[in-house]
1. Report, by residue number, each residue of segment 38-70 that is among the aliphatic types (A, V, I, L, M), under 31 Å from the mean Cα position of the chain (by Cα) and within 16 Å of ligand 1 (Cβ to nearest atom).
2. Which of the residues spanning segment 94-109 are crowded, with 24+ Cβ neighbours inside 10 Å and more than 15 Å from ligand 2 (Cβ to nearest atom)?
3. Quick check on my filter: what residues within segment 385-422 are more than 21 Å from Ala279 (Cα to Cα) and not in a strand (DSSP E or B)?
4. For segment 84-92, state whether one or more residues are closer than 30 Å to Pro239 by Cβ and either within 8 Å of ligand 1 (Cβ to nearest atom) or of a type in the set (D, E, K, R) (or both).
5. So which of Ala217, Ala198, Ala204 ends up being in contact (Cβ under 8 Å) with a residue 24 or more places away in the chain, touching a strand residue (DSSP E or B) at 6+ places or on another chain (Cβ under 6 Å) and not assigned by TED's automatic domain parsing to the domain that holds Val117?
6. Would you be able to tell me the number of residues in segment 153-178 that are free of Cβ contacts under 8 Å to residues at least 60 places away in the same chain and either in a helix (DSSP H, G or I) or under 27 Å from Gln199 (Cβ atoms) (or both)?
7. Looking only at segment 53-83, which residues are farther than 17 Å from Val30 by Cα and of a type in the set (D, E, K, R)?
8. Considering only residues that are under 19 Å from the mean Cα position of the chain (by Cα) and small (Gly, Ala, Ser), look in segment 94-121 and name the one that is farthest from Val60 (Cα to Cα).
Amino acid sequence: MTPKRYPTARLPNPMAADPIGIGLLGYGTVGSAVDRLLSARRDDVARVLGAPVEVRRALVRDLGRPRGDAIRDGLLTDDFAAIRDDASIAVVAEVMGGVEPTRGWMLELFAAGKSVVTANKQLLARHGAELFAAAEEHGVQLRFEASVCAAIPVVKVLRESMVASEVTAVLGIVNGTTNYMLSAMAAGADYAAVLAEAQRLGYAEADPTEDVTGADAAAKIAILASIAFHTRVTIADVPHEGIDRLDSLDVAFADDLGYSVKLIGQARRVEQGVVVGVAPTLVPRAHGLSAVNGSFNAVMLRGDAIREVTLVGPGAGGDETASAVIGDLMGVLGTSGTGFPRGDGLFRDLPLVAADDVVSALYLRLDVRDEPGVLARIASVLADERVSIDSVVQRAEGGRAQLVIVTHPASEGAARRAIATIAGLDICEGDPVVLRVLADG
Ligand code: NAP
Ligand code: HSE
């Protein structure tokens, strides 16, 4: 029998269609990578959208800065209005960072009918509610995949792929710069030198204080907690410590005890509400997060239907972040409607649990006199607060000792009361070092 032939659909040639105009706010590490990748993948983008995409204008602060020869004439401008008022620009990628004037400019873009995709976690973690309301009011989209963990599509996974699951925890390594630094420091590198290297590689924020103090990770945790738990968490709600005050002595002790030190961000749904925080944390070497090194990030998502899903990938860098920006551009141009903010019928206000009510295992390092009865006095203070000891290591030298205690999980409020009492004992010198230990796998 002759096989039946079906007519082949004739699709219009996407490369022949009128290009869609894009604007960039910022042409630095991320902005220039978006432009380069969009032009390198022009045909693929056109196949997805049915038309090619063209970056029409890119906003910079300093037009005189040397940027190589590859910049097209007329691409760069230092006048925001040239992008806002260009009717041929359909969507804008905000990749300049900062809170102001960025917030005001984004509101002006919405009012001009332009959708925006952003990589700016500090802005969203502070003004997300206002910006989403404005986007909704003007019937445009605001997408933000690139603001959290660069190339890892964690926003999309949480928002779209896990609708059927009640997510109970989001935890992991969400800052590439500090993970790069900690990995290099574990191999003996110097803090200042490795921070400078992370800046050179384009991982760090324009102000790297945000990376090393945990403020960058705190903004990302605020964003992830808001999506995962359908509530509003801002950066002000996220207690955070960074690696800037971490002593390499504690990294060495942790190593002796079988842990690596990672900057861990957490958001957990508990009976009373939501627990959030960022802190340098001892991670058992057998734990999946312990082996995540360099500028990579890893996010563990836990929930009823999903059990546990871990997403691992590059968490910083120009091309890596640009890939997420371009994914969002495709989402805006290839879809209709208002995107994320509209119609979240699950929105609710959950209370934030006070840090003292959280249960954690702690690492405690004390500088003590090396004499009989010292350990017993410390153990007795811990016992009075019902804090139980998991392991003890001591290094003695010249009549004094560095005493390291890892506790079993206990109320942080009780443990910190005990530590304050211990710090006041005449056997102790200086402030105790206290780090969290990731104890529940
Ligand atoms: P960057 O290299 O410092 O680039 C910033 C760009 O924005 C530059 O072109 C700068 O102009 C322009 N700009 C800044 N303030 C401006 C102002 N007031 N008016 C006009 N132009 C202004 O920064 P980046 O690393 O690309 O980061 C950009 C955004 O992406 C930030 O929100 C950052 O948090 C986020 N992000 C970065 C990464 C990463 O790995 N780098 C990853 C995820 C998210 P000039 O060129 O003239 O200075
Ligand atoms: N500075 C950030 C980091 C960039 O190092 O993770 C990615 O958000």
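The values are calculated or read from the model by the stated rules, or taken from the named source; none is laboratory data. Because the structure is a prediction, the values reported are computed rather than measured. Using ideal geometry, Cβ is built from the backbone for each residue, glycine included, and neighbour counts are taken over all protein chains shown.
1. Leu38, Val55, Ala58, Leu59, Val60, Leu63
2. Hits for segment 94-109 are Met106, Leu109.
3. Glu385, Arg386, Ser388, Gly398, Gly399, Thr421, Ile422
4. Looking only at segment 84-92, we keep the residues that are closer than 30 Å to Pro239 by Cβ, and these are none.
No - not one qualifying residue is present in segment 84-92.
5. Unique residue meeting the criteria: Ala217.
6. Number of matching residues: 2.
7. Asp69, Arg72, Asp73, Asp78, Asp79
8. Going through the qualifying residues, I end up with Ala119.
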